[in-house]
Amino acid sequence: MKTLKPITEYTIGFTAWMVAYVAAVFFAGYYFRGMTPLGPPQAPLLYVVALLPSIPIGGTILVFLRFMDRSDEYMRAIMTRRFIVATGVTLFISTAWGFVKNYTEMPGSGLDYTYMIFWISFAIISPFVRDSKVRTA
Amino acid sequence: MKTHLKALRSEAGLTQADLAGKLGVSRQAVIAIESDKHDPSLDLAYRIAAVFDLPVEAIFENPHRTG
């Protein structure tokens, strides 16, 4: 059996989990409005459905780790740096959002957006993080 | 780290993709090494040296050696 290139495997795996994520978010949304054949939300199923959208997050992390494992040292180094920078940006935005939400009338629950904030941050910073070297002034 | 990799590769008539194939890395890795965006590991430096049949320091200048 032909082995897929790391980037191809990553793209396919990531896309599949993102489709699962979007499907789970929509399904949970409909379920909690009582718009599915499962009827109105009731325990213990409601906890399972509430957790459903978080499962694909674990899947994308596994796909990412496998990509790093199969990549060469340069790709592994820059992906690690991007992951760290995106994590920092996510922590910053999430914390700032939390404080603003606490002290103002800003809407939104916040935490469930963390996943999207991380990947949007990752996409935005990636073109700027192409150097595996730590340069000191 | 200053490198002569690009010149050596051109002299050998290799494309970046050719060299990447011989080294078992991505073309992006070769580009990054040539443009000083990545310092190769010792193992990769030895693999590069083996491809060109040269000592590592003939390809990558040792920044710590004086004189």
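Span-like helix criteria (full DSSP H runs; alpha carbon extent of at least 24 Å along the helix axis; mean Kyte-Doolittle hydropathy of at least -0.5) are satisfied in chain A by A:6-32, A:73-103.
Computed on protein heavy atoms with a 1.4 Å probe, the accessible areas place B:HIS64, B:HIS4, B:HIS38 in the order B:HIS64, B:HIS4, B:HIS38, largest first. When A:TYR103, B:TYR46, A:TYR115, A:TYR30 are compared by accessible surface with a 1.4 Å probe, the order from highest to lowest is A:TYR103, B:TYR46, A:TYR30, A:TYR115.
With Cα atoms defining each centre, the stretch B:21-67 and the stretch A:47-87 are spaced 29 Å apart in the structure. Provide the FRET efficiency to the nearest 0.05 for the A:GLU105-B:MET1 pair, computing r from the beta carbons and using R0 = 41 Å. Efficiency, from the Cβ-Cβ distance: 0.15. Per-residue surface analysis assigns A:THR11 an accessible area of about 70 Å², computed on protein heavy atoms at 1.4 Å probe radius.
Placing A:ILE84, A:ILE7, A:ILE125 in order of accessible area, with the largest value first and a 1.4 Å probe, yields A:ILE84, A:ILE7, A:ILE125. A simple count of charges around A:ILE124, restricted to other residues whose Cβ falls under 15 Å of its Cβ and scoring Lys, Arg +1 and Asp, Glu -1, yields +3.
The values are calculated or read from the model by the stated rules, or taken from the named source; none is laboratory data. Everything quoted here is computed from the prediction, not taken from an experiment. No Cβ is skipped: glycine too gets one built from the backbone with ideal geometry, and neighbour counts run over all protein chains shown. All accessible areas refer to the heavy atoms of the entire protein, side chains included, with ligands and DNA or RNA removed. Shrake-Rupley method; radii C 1.70, N 1.55, O 1.52, S 1.80 Å.
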